[in-house]
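J.: Sharing a structure here in structure tokens format.
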Amino acid sequence: MRGDRQHTQPEHDTLPATAHRRNDPALTNAIVAARNAGRTQSEIADALHIHVQTVRRPLAKVGLPTRQESLTDDQLDEAHRFRSARWTLQQLGQRYHLAHATIKRLLASSPDDTV
């Protein structure tokens, strides 16, 4: 019975087998479209079954930012509240898609108005 089932992926996550080459325009277009749709680099890499560095190269090539390096004021206030509620830097990093060291730097450089 196992042969009766077919594995299908969502249309936006499929690429021709030849598209998994570094300089392939189909791969670049798929990555840029996914990024413009708000997907993170990790989400794109997972969906396309490629390494995250393979996602970064085309983004940089077309001039899109490859990393979010800051938080909005509202996100920063929220992060301070979560940190006061004993969230770890790793948890905050996962929430905001930033490295824990970046979260630590941002929290240290901004006033905590939640106290």
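Each value in this text was obtained by applying a stated rule to the coordinates, not by laboratory testing. Keep in mind the model is a prediction, meaning the values are calculated, not measured.
J.: Please turn the phi angles of the range 57-62 into ³J(HN,Hα) values with the Karplus equation 6.51 cos²θ - 1.76 cosθ + 1.60 (θ = phi - 60°), one per residue in order, whole Hz, x for glycine and proline.
T.: My calculation for the range 57-62 gives 4, x, 4, 5, 4, 8 Hz in order.
J.: Compute the length gained on full extension between Thr66 and Ala33: take 0.36 nm times their separation in residues and subtract their Cα-Cα distance, giving the result in nm to one decimal.
T.: Length difference between fully extended and current span is 10.5 nm.
J.: Further question: Can you run phi through the Karplus equation (6.51, -1.76, 1.60; θ = phi - 60°) for the range 37-44 and list ³J(HN,Hα) in whole Hz, with x for Gly and Pro?
T.: Karplus-based 3J(HN,Hα) across the range 37-44 equals 7, x, 7, 7, 4, 5, 5, 5 Hz.
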